[in-house]
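The next block holds one structure in the form of structure tokens; read it before the comments.
Coordinate-derived values only; no laboratory data. Computed from a prediction, not measured in an experiment: that's the story for all the values here. Cβ: placed from backbone, ideal geometry, glycine included. Neighbour counts: every protein chain shown.
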Amino acid sequence: MTFLHVLVLSIVQGLTEFLPVSSSAHLIFPAKLLGWPDQGLAFDVAVHLGTLMAVVLYYLADLVKISSYTIEACIKMKISPLARIGFCLIIATLPVCVVGTLFENYISSQLRDNIDVIAYCTIGFGILLGLASYVNKKMVWRNIDNIQGARSDSLRGLNYTQALVIGLFQALAVFPGVSRSGITLTAGLFIGMKSEAAARFSFLLAIPVIIASGAFEIYKIHTMGTLELQWVNLIIGAFLSFLVAIIVIHLFLKYIAKSGMAIFVIYRILLGALLLWLF
């Protein structure tokens with residue numbers, strides 16, 4: 001991999017991992033237009049590690065609270081609001097793990113590089129995000145204090161049924177072009193969560209999903225046997241994706257609080273159409 005290859009893919013990963021725009025749709029452009037070879041599993045793991053570190057650092061205080069209260073609930077059998085958030089994250093993670101395990105081989109071999117599938121999913125699920133945003137605006141929101149105490153939205157009111165619904169939606173993200181963050185945001189908006197709360201739960205939910213998928217990729221690398229790793233490229237990729245992702249998380253939360261999802265819906269439709277036109 002050249003430095004330009006590393007630079008572009010790392011920035012694209014950092015930008016698109018947490019935005020509702022589909023990273024797989026964006027990664028097609030440099031590969032197809034510039035004729036770059038596949039970056040390999042090791043580089044994929046590195047840039048995902050970078051985005052994982054970004055979301056963990058950004059929500060470190062919340063994660064410590066949620067984890068401690070969840071562990072305490074398991075020991076004392078007394079569930080607090082913060083522990084319920086932890087259990088909701090677990091419940092919402094299970095469906096994508098099951099679906100990913102069952103369909104991974106088929107998706108990798110048949111759909112991963114299928115431009116038509118990616119394009120139509122980018123457009124279709126973009127429209128679904130727009131519909132969810134419209135429906136959400138018609139709902140009556142409940143105002144509950146946030147787990148950090150400083151924001152107007154909250155995850156304290158999330159229940160297990162809602163978490164399962166978000167998890168079932170998230171399972172669709174195994175198909176290229178859907179966007180994990182986009183589909184979880186869509187689910188959150190459909191069930192009446194404020195956009196900031198839906199985004200926060202989506203970001204927190206990314207942590208176990210990235211860990212699970214990363215562990216699976218590392219297992220696949222291990223089964224390949226001897227593999228020459230370009231450590232400089234891996235370190236640069238992880239750092240760049242981390243830096244871009246943590247900025248994106250911060251700016252995205254501020255943006256949707258004021259402007260909603262319309263720009264991302266329009267962007268997805270245009271992006272899908274461009275893919276169909278170019279390729």
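Between the alpha-carbon centres of region 58-90 and region 34-57 there is a gap of 29 Å.
Over region 42-278, Cα pairs under 8 Å with separation of 6+ residues give a relative contact order of 36 percent. Helix 231-259 and the longest principal axis of the C-alpha atoms of the chain enclose an angle of approximately 40°.
Taking each DSSP H run with n ≥ 4 as -39500 (n - 2.57) and averaging over every residue of the chain yields -25500 deg cm²/dmol at 222 nm. Panel order for ARG200, ARG112, ARG84, by other beta carbons found within 10 Å of each beta carbon, from fewest to most: ARG112, ARG84, ARG200.
Within the listed set LEU34, LEU94, LEU189, the residue fluctuating most in the Gaussian network model of the chain (springs between alpha-carbon atoms under 10 angstrom) is LEU34. Of CYS97, CYS74, CYS88, the residue with the greatest mean-square motion in the GNM of the chain, using alpha carbon springs below 10 Å, is CYS74. By the beta-carbon count within 10 Å of each Cβ, the least crowded to most crowded order of HIS26, HIS5, fewest first, is HIS5, HIS26.
For LYS78 and ILE263, a Förster radius of 51 Å and the Cβ-Cβ distance give a FRET efficiency of 0.70, rounded to the nearest 0.05. Diagonalising the gyration tensor over the Cα atoms of the chain and scaling each eigenvalue by 5 before taking the square root yields semi-axes of 30, 23, 17 Å, largest first. Between the helical axis of 115-137 and the longest alpha-carbon principal axis of the chain there is an angle of about 20 degrees. For region 101-119, the residues whose backbone nitrogen is under 20 Å from a point 7 Å from the Cα of HIS222, taken along Cα to Cβ, are 101-102, 104-105.
Multiplying the residue separation of LEU243 and LEU102 by 0.36 nm and removing their Cα-Cα distance gives an extension gain of 47.4 nm. With springs connecting C-alpha atoms under 10 Å apart, model the chain as a Gaussian network and identify which of SER213, SER23, SER202 has the largest mean-square fluctuation. Most flexible of the set in this elastic network: SER213.
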